[in-house]
Amino acid sequence: MTRDFENKTVFITGAAKGQGKGVALAFAKQGANIIAFDLGEKIEYPAYNRSSNEELEVLKEEVIALGGKIEIFAGDVRKAKDVQNAVENGVKSFGTIDILFSNAGICAYGLSHELTENEWDTMIDINLKGSWLVSKYVIPYFLKQKSGVIIYNSSVAGLRGMNRISHYAASKHALVGLAKSQAIELAPHGVRVLTIHPTGVNTPMNDGLAEMEGSTPIEIAERSAGNLIPVPWVEVEDVANSVLFLASDKARYITGSQYLLDAGLLTR
């Protein structure tokens, strides 16, 4: 097995489960050091989110079992103090940060005119402000070393409108604007910035959305996806493979662009 990221350090938000966990394990297998950041506690909205510190501990055990090195931090991406603490202490452990995978995010249903102000603010603050905030504290290290890669986990909803998730779509569209602007700012310093846009992914979030609807994940996927390739969703492994490629030297001239992992959905 090649170890393309030997001694590189990756900062991952929303790392304890789903896509974040899959990406963390994939990088660990490639020899990378992992700085894993996750909420570590249940939040009020969306109600299905039942994060816990135990999930971070499980990730730590799995990375160590792979022979990898990891530091875990429980915190809220909306809180500067939490993010700054994780970044600074992660750097103390591993020397620097080479790659940021900004993945923490939530999704929930609701017609735009029926959303509460709290529901709107929570969605935007976690998905957008949280992504900007972690980049704010990581970028100075990239500037110092004149290299780095930022990958924001957007969605197909970041490139099209979608029914009953306007606040989610707005937050994911905004990540594209953030990434494009940062790509312009940071290119002279050897730093690349991109967004990825998966269709539905087979993660615990699917289970939570189905719970909200009184349905099953497969019913939700079949009703909403519209993938051109006849699959209900892509797997976490597919996301991890995409992130590994984009973070690698194989993608050294890719910046400011949107990477589709949509099973052809946006072709329709």
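The values are calculated or read from the model by the stated rules, or taken from the named source; none is laboratory data. The model shown is predicted, which means the values in this text are computed figures rather than measured ones. Note that each Cβ is placed from the backbone with ideal geometry, even for glycine, and that neighbours are counted across all protein chains shown. Keep in mind that these areas ignore ligands, DNA and RNA; they rest on the heavy atoms of the full protein, side chains included. Shrake-Rupley method; radii C 1.70, N 1.55, O 1.52, S 1.80 Å.
Going through Y152, Y168 one at a time, which residue ends up being within 16 Å of the chain's Cα centre (by Cα), modelled with pLDDT of 95 or more, among the aromatic types (F, W, Y) and crowded, with 23+ Cβ neighbours inside 10 Å?
On the way: Y168 fails: crowded, with 23+ Cβ neighbours inside 10 Å.
After ruling out the rest, the residue left standing is Y152.
Residue under question is R252, and the condition is that it be surrounded by fewer than 16 Cβ atoms within 10 Å (Cβ to Cβ) and either over 26 Å from H189 (Cα atoms) or in contact with a Gly (Cβ under 6 Å, 6 or more places away or on another chain) (or both); does it hold?
No.
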Next item on the list: Look through L260, L244 and report the one residue that is outside any strand (DSSP E or B) and either touching a strand residue (DSSP E or B) at 6+ places or on another chain (Cβ under 6 Å) or crowded, with 20+ Cβ neighbours inside 10 Å (or both).
Entry: L244
Margin query: Among the residues in region 184-195, are any modelled with pLDDT of 95 or more, within 16 Å of the chain's Cα centre (by Cα) and either hydroxyl-bearing (S, T, Y) or within 14 Å of G105 (Cα to Cα) (or both)?
Written below: yes
Check: Taking only pairs six or more apart or across chains, which ones have beta-carbon atoms under 9 Å, a first residue in region 173-186 that is without any contact (Cβ under 8 Å) to a residue 24 or more places away in the chain, and a second residue that is hydroxyl-bearing (S, T, Y)?
Finding: H173/S154
Notebook entry, point to check: Which number in (1) over 30 Å from G214 (Cα atoms); (2) touching a strand residue (DSSP E or B) at 6+ places or on another chain (Cβ under 6 Å) marks the one condition that K81 misses?
Noted result: (2)
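Please list, ordered by residue number, the strands (runs of 3 or more DSSP E) wholly in region 8-83 having 1 or more residues that are open to solvent by less than 10 Å² (accessible area, probe 1.4 Å) and over 23 Å from V149 (Cα atoms).
Details: elements: 9-13, 33-38, 69-74.
In region 8-83, no matching strands (runs of 3 or more DSSP E) lie anywhere.
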Next item on the list: Being touching a residue at least 40 places away in the same chain (Cβ under 8 Å), over 16 Å from the mean Cα position of the chain (by Cα) and on the phi < 0 side of the Ramachandran plot narrows it down to one of S52, S112, so name that one.
Entry: S112
Next item on the list: State whether one or more residues within region 126-144 are of a type in the set (S, T, N, Q) and open to solvent by 30 Å² or more (accessible area, probe 1.4 Å).
Entry: no
Notebook entry, point to check: Going through region 176-207 one residue at a time, which ones are crowded, with 17+ Cβ neighbours inside 10 Å, closer than 21 Å to G130 by Cα and of a type in the set (G, A, S)?
Noted result: A179, A183
Check: For I99, all conditions in the list (1) touching a Lys or Arg at 6+ places or on another chain (Cβ under 8 Å); (2) without any contact (Cβ under 8 Å) to a residue 60 or more places away in the chain; (3) among the aliphatic types (A, V, I, L, M); (4) under 22 Å from A86 (Cα atoms) hold save one; what is the number of the exception?
Finding: (2)
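Across region 222-237, which residue is surrounded by the fewest Cβ atoms within 10 Å (Cβ to Cβ) among those that are in contact with a helix residue (DSSP H, G or I) (Cβ under 7 Å, 6 or more places away or on another chain) and outside any loop (DSSP other than H, G, I, E, B)? First the steps, then the outcome.
First, the residues of region 222-237 that are in contact with a helix residue (DSSP H, G or I) (Cβ under 7 Å, 6 or more places away or on another chain): 225-228, 232-233, 236-237.
Of the ones still in play, those that are also outside any loop (DSSP other than H, G, I, E, B) are 236-237.
Numbers: V236: 21, E237: 14.
Among those residues, the one meeting the criterion is E237.
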